[in-house]
Amino acid sequence: MNLLQRAAELCGRTLSEFVVASAQEASRRVIAGHASIRRSREEQLAFVQVLLNPPEPNACLERAAQAYRPRTGAQRVDLARIPVEPCADSATERPSRAGRKRSTAI
């Protein structure tokens, strides 16, 4: 008895039903995986845009920061005064891909 026939019997299905159901399940996984990668990429781009061009803090955020500072001893930092050095040329400074796990993280 072959592998597929055995699996079909264990599921209580005919071979045809088992093959069709398995193909449908695999198709759903492929489509869902593609959609989540696409959303992740769009979300990454939106995240980077907000980091590069942050909105002005609204009143609610200002109140939260004012309440946070006394409890933590944090001080207000003017991010515009922090010097930013340019990034290294990514073409010459990119680390090797060997041994790295694939990630969608920024």
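The values are calculated or read from the model by the stated rules, or taken from the named source; none is laboratory data. Bear in mind that the values here come from a model prediction, so they are computed numbers and not experimental data. Quick reminder, even Gly has a Cβ in these numbers, built from the backbone with ideal geometry, and neighbours come from all protein chains shown.
When both residues are 6+ apart or on different chains and their Cβ atoms are under 6 Å apart, which pairs have a first residue that lies in the stretch 72-89 and is closer than 20 Å to Pro57 by Cα and among the small types (Gly, Ala, Ser), and a second that is modelled with pLDDT of 70 or more and loosely packed, with under 10 Cβ neighbours inside 10 Å?
none
I'm told Gln44 meets every condition in (1) free of Cβ contacts under 8 Å to residues at least 12 places away in the same chain; (2) within 30 Å of Arg76 (Cβ to Cβ); (3) not hydrophobic (A, V, I, L, M, F, W, C) except one. Can you identify the failing condition by its number?
That leaves (1) as the condition not met.
If I filter the stretch 51-65 down to residues being closer than 15 Å to Arg76 by Cβ and among the aliphatic types (A, V, I, L, M), which single residue comes out as modelled with the lowest pLDDT?
That would be Ala65.
Given the conditions (1) in a loop (DSSP other than H, G, I, E, B); (2) modelled with pLDDT of 90 or more, report the number of the one that Ser22 does not fulfil.
Here Ser22 clears every test but (1).
Return yes or no: is Ala74 touching a Phe, Trp or Tyr at 6+ places or on another chain (Cβ under 9 Å), exposed (fewer than 11 other Cβ atoms within 10 Å of the Cβ) and at pLDDT below 90?
Working: touching a Phe, Trp or Tyr at 6+ places or on another chain (Cβ under 9 Å): yes; exposed (fewer than 11 other Cβ atoms within 10 Å of the Cβ): yes; at pLDDT below 90: yes.
Yes: the conditions hold for Ala74.
What do you reckon, is Glu62 free of Cβ contacts under 8 Å to residues at least 60 places away in the same chain and over 22 Å from Ala80 (Cβ atoms)?
So Glu62 fails the test.
On the basis of being outside any loop (DSSP other than H, G, I, E, B) and modelled with pLDDT under 85, does Arg69 make the cut?
Yes.
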